[in-house]
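**Q** To start, I am sharing the structure in question, which I have written as structure tokens.
The values are calculated or read from the model by the stated rules, or taken from the named source; none is laboratory data. In this text the structure is predicted, and so the values were computed from the model without any measurement. Heads up, the Cβs are rebuilt from the backbone with ideal geometry, glycines too, and the neighbour counts pull from every protein chain shown.
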2 protein chains.
Amino acid sequence: MSGRKQFDVDTAVDQSMITFWRRGYADTSMDMIGAVTGLGRGSLYGTFGGKNGLFLRAVDRYGEVYGARYDAALARHPADPVRAMSAFLDVVIDRIADPHVPDGCLVAMAATQLGTLEPDARTRVRRALDIQAERLRAALVARGVAGRAATDIALFVVAVSQSLSLLSCAGTELRELRSIARTAIGAVTQQIAPPTG
Amino acid sequence: MSGRKQFDVDTAVDQSMITFWRRGYADTSMDMIGAVTGLGRGSLYGTFGGKNGLFLRAVDRYGEVYGARYDAALARHPADPVRAMSAFLDVVIDRIADPHVPDGCLVAMAATQLGTLEPDARTRVRRALDIQAERLRAALVARGVAGRAATDIALFVVAVSQSLSLLSCAGTELRELRSIARTAIGAVTQQIAPPTG
DNA sequence: CATGTGTTGGACGGAACAGTACAGAATGGG
DNA sequence: CCCATTCTGTACTGTTCCGTCCAACACATG
């Protein structure tokens, strides 16, 4: 204890994010957060305001960490919209395959529990999905896909990415998730270059 | 009060199902169930054993009600696998559009909270997804789709159906959900009759 | 070295939770 | 008509939860 913080705030947010991600909002208690971070209630409430405030930070953090990975994956295919979409879905599958983090997706979990969240958390989750769709749409447009098609495809890929996360929660195997992604990319290919000869 | 039940068990299960569906498992209290059904704790615990037992009944009920609708939709297109898949997704979208029931999907909600569920509830949810995939696979095979393709497509359509439910929780508009379904059906069409013309 | 400032962890309070116990009530079989 | 049986609502128990409070603490400043 001292006049200076005794812990790293970012680390605590990371640990809290993992816990919310794994157990959901309602079923994560502040005691649990305290155990995971090793922090007392004074530090937790003093720094984050409360459970809702901490959750907001966790969602933001999630968006930063994985948003960067999505951008990097898209950037790896600057000219090929189909490969870019495929790389995007690979990020999702890699995250699911990563044993260091839970299955599923913090945003997907939050979306299904949206009704029980505070209003500001609700808008934050909603915005996370919008950002994903916009990220994809912009990537498609930048790779020459027409506006309307880009919007449709972006939304479709967001939907598929969320379904991969959801099914992974239920124990669907990676092999099956990859099959779903392949089928989805088939749809994207077709949409971008319709078989009109 | 009497030697005979004073309430209709199926009605109580229906009402509980809606409540779990809307609020999730962890955030639904037995007091809430009591308020919704108008029943006291004695009736609730005497009939269903407890919260977990009631949730199992709710999941089963959900599977019966909507399983019947899926079967009916598929049966409407006994020869056309693509139209059958499309009709399947229409059932999901119609349910989302139905103002009498919550958005989303009880199974999708449960899947993202699987870690906090009792083991028997977990297997029940897992099975609900398997049943969906098998329902679709059998329908595809019966309409002439080859075994491997049928398995892949069935899983893909289940994934898309779950994503529609999830996104609807987050407030995605029906118009957008329909667009996602259209794109998905495009993938199915392509997969069944590849453009090898 | 003294003092003030901001941090920390644990104790605390009020509320909500799941599940149990029990007394009261109504049916139906004898 | 009476009693055993079953259902029903409420009171209750022990736990868990979120958020507040506070005394102890160590650093920075003068």
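**Q** Tell me, yes or no, whether the range B:64-73 has at least one residue that is within 16 Å of DNA strand C (Cβ to nearest atom) and out of contact with any strand residue (DSSP E or B) (no Cβ under 8 Å at 6 or more places or on another chain).
**A** From the range B:64-73, those within 16 Å of DNA strand C (Cβ to nearest atom) are none; that's our starting set.
There is no residue in the range B:64-73 that is within 16 Å of DNA strand C (Cβ to nearest atom) and out of contact with any strand residue (DSSP E or B) (no Cβ under 8 Å at 6 or more places or on another chain).
**Q** Can you tell me which residues in the range A:85-112 are over 23 Å from B:Val107 (Cβ atoms) and crowded, with 22+ Cβ neighbours inside 10 Å?
**A** In the first step, residues of the range A:85-112 are kept if they are over 23 Å from B:Val107 (Cβ atoms); the result is A:85-88, A:90-91, A:94, A:97-101.
Of everything in the range A:85-112, those that are over 23 Å from B:Val107 (Cβ atoms) and crowded, with 22+ Cβ neighbours inside 10 Å turn out to be A:Met85, A:Phe88.
**Q** Anything in the range A:85-109 that is within 11 Å of the chain's Cα centre (by Cα), within 13 Å of chain B (Cβ to nearest Cβ) and closer than 19 Å to A:Leu155 by Cβ? List them, or say none.
**A** Of everything in the range A:85-109, those that are within 11 Å of the chain's Cα centre (by Cα), within 13 Å of chain B (Cβ to nearest Cβ) and closer than 19 Å to A:Leu155 by Cβ turn out to be A:Val92, A:Cys105, A:Val107, A:Ala108.
**Q** May I pose another question? So in the range B:1-33, with the set limited to residues that are of a type in the set (Ser, Thr, Tyr) and near DNA strand C (Cβ under 8 Å from one of its atoms), which one is nearest to B:Cys169 (Cα to Cα)?
**A** B:Thr28
**Q** So for the range B:36-45 (the condition being within 16 Å of DNA strand C (Cβ to nearest atom), within 14 Å of another protein chain (Cβ to nearest Cβ), more than 28 Å from B:Leu174 (Cα to Cα) and small (Gly, Ala, Ser)), does at least one residue qualify?
**A** No.
**Q** Moving on to the next point. Considering only the range A:1-47, state which residues are within 9 Å of DNA strand D (Cβ to nearest atom), assigned to a helix (DSSP H, G or I) and buried (at least 19 other Cβ atoms within 10 Å of the Cβ).
**A** A:Ile33, A:Leu44
**Q** Oh, and also: Could you tell me whether B:Glu134 is under 21 Å from A:Val125 (Cβ atoms), surrounded by fewer than 21 Cβ atoms within 10 Å (Cβ to Cβ) and at pLDDT 95 or above? Before the answer, list the steps.
**A** Numbers: under 21 Å from A:Val125 (Cβ atoms): no; surrounded by fewer than 21 Cβ atoms within 10 Å (Cβ to Cβ): yes; at pLDDT 95 or above: yes.
Criteria not met by B:Glu134.
**Q** When you check B:Asp130 against the structure, is it more than 19 Å from the chain's Cα centre (by Cα), within 11 Å of another protein chain (Cβ to nearest Cβ), farther than 24 Å from A:Ala149 by Cα and not basic (Lys, Arg), yes or no? First the steps, then the outcome.
**A** Details: more than 19 Å from the chain's Cα centre (by Cα): no; within 11 Å of another protein chain (Cβ to nearest Cβ): yes; farther than 24 Å from A:Ala149 by Cα: yes; not basic (Lys, Arg): yes.
When the stated conditions are applied, B:Asp130 does not pass them.
**Q** Follow-up question, since we're still on this one. Could you tell me whether the range A:148-157 includes any residue that is out of contact with any Cys (no Cβ under 9 Å at 6 or more places or on another chain), at pLDDT 95 or above, away from chain B (no Cβ under 12 Å) and surrounded by fewer than 20 Cβ atoms within 10 Å (Cβ to Cβ)?
**A** no
**Q** Another one. Return the only residue of A:Thr37, A:Thr19 being within 19 Å of the chain's Cα centre (by Cα) and among the polar types (S, T, N, Q). Please lay out each step first, then the result.
**A** Working: A:Thr37 fails: within 19 Å of the chain's Cα centre (by Cα).
Just one listed residue meets the conditions, A:Thr19.
**Q** Going by the structure shown, is B:Leu140 touching a Pro at 6+ places or on another chain (Cβ under 6 Å), crowded, with 21+ Cβ neighbours inside 10 Å and within 21 Å of B:Met85 (Cβ to Cβ)? Reasoning before the result, please.
**A** Numbers: touching a Pro at 6+ places or on another chain (Cβ under 6 Å): yes; crowded, with 21+ Cβ neighbours inside 10 Å: yes; within 21 Å of B:Met85 (Cβ to Cβ): yes.
For B:Leu140, the condition - touching a Pro at 6+ places or on another chain (Cβ under 6 Å), crowded, with 21+ Cβ neighbours inside 10 Å and within 21 Å of B:Met85 (Cβ to Cβ) - is met.
**Q** Ok, one more. Could you figure out which of (1) within 11 Å of chain B (Cβ to nearest Cβ); (2) in contact (Cβ under 8 Å) with a residue 60 or more places away in the chain; (3) more than 30 Å from B:Met32 (Cα to Cα) isn't true of A:Ser179?
**A** Only one criterion in (1) within 11 Å of chain B (Cβ to nearest Cβ); (2) in contact (Cβ under 8 Å) with a residue 60 or more places away in the chain; (3) more than 30 Å from B:Met32 (Cα to Cα) is unmet by A:Ser179, namely (2).
**Q** Give the residue that is farthest from the other protein chains (Cβ to nearest Cβ), with candidates limited to residues of the range A:48-70 that are in a helix (DSSP H, G or I) and within 11 Å of DNA strand D (Cβ to nearest atom).
**A** Keep residues of the range A:48-70 that are in a helix (DSSP H, G or I), which gives A:48, A:51-70.
Among the residues that remain, those that are also within 11 Å of DNA strand D (Cβ to nearest atom) are: A:48, A:51-55.
Working: A:Phe48: 21, A:Lys51: 13, A:Asn52: 14, A:Gly53: 19, A:Leu54: 17, A:Phe55: 14 Å.
Per the stated criteria, the residue is A:Phe48.
**Q** Quick one: count up the residues across the range B:66-82 that are more than 19 Å from B:Ala133 (Cβ to Cβ) and surrounded by 14 or more Cβ atoms within 10 Å (Cβ to Cβ).
**A** Of the range B:66-82, the ones more than 19 Å from B:Ala133 (Cβ to Cβ) are B:76, B:78-80.
After this cut, where a residue has to be surrounded by 14 or more Cβ atoms within 10 Å (Cβ to Cβ) as well, the list is B:80.
Selection size over the range B:66-82: 1.
**Q** On to the next question. Within the bounds of the range A:102-115, is there any residue that is among the β-branched types (Val, Ile, Thr), more than 16 Å from DNA strand D (Cβ to nearest atom) and either out of contact with any helix residue (DSSP H, G or I) (no Cβ under 9 Å at 6 or more places or on another chain) or farther than 23 Å from A:Arg143 by Cβ (or both)?
**A** First, the residues of the range A:102-115 that are among the β-branched types (Val, Ile, Thr): A:107, A:112.
With more than 16 Å from DNA strand D (Cβ to nearest atom) added as a condition, the list becomes A:107, A:112.
Filter once more, so that each one left must be either out of contact with any helix residue (DSSP H, G or I) (no Cβ under 9 Å at 6 or more places or on another chain) or farther than 23 Å from A:Arg143 by Cβ (or both): A:107, A:112.
Yes, the range A:102-115 contains a residue that is among the β-branched types (Val, Ile, Thr), more than 16 Å from DNA strand D (Cβ to nearest atom) and either out of contact with any helix residue (DSSP H, G or I) (no Cβ under 9 Å at 6 or more places or on another chain) or farther than 23 Å from A:Arg143 by Cβ (or both).
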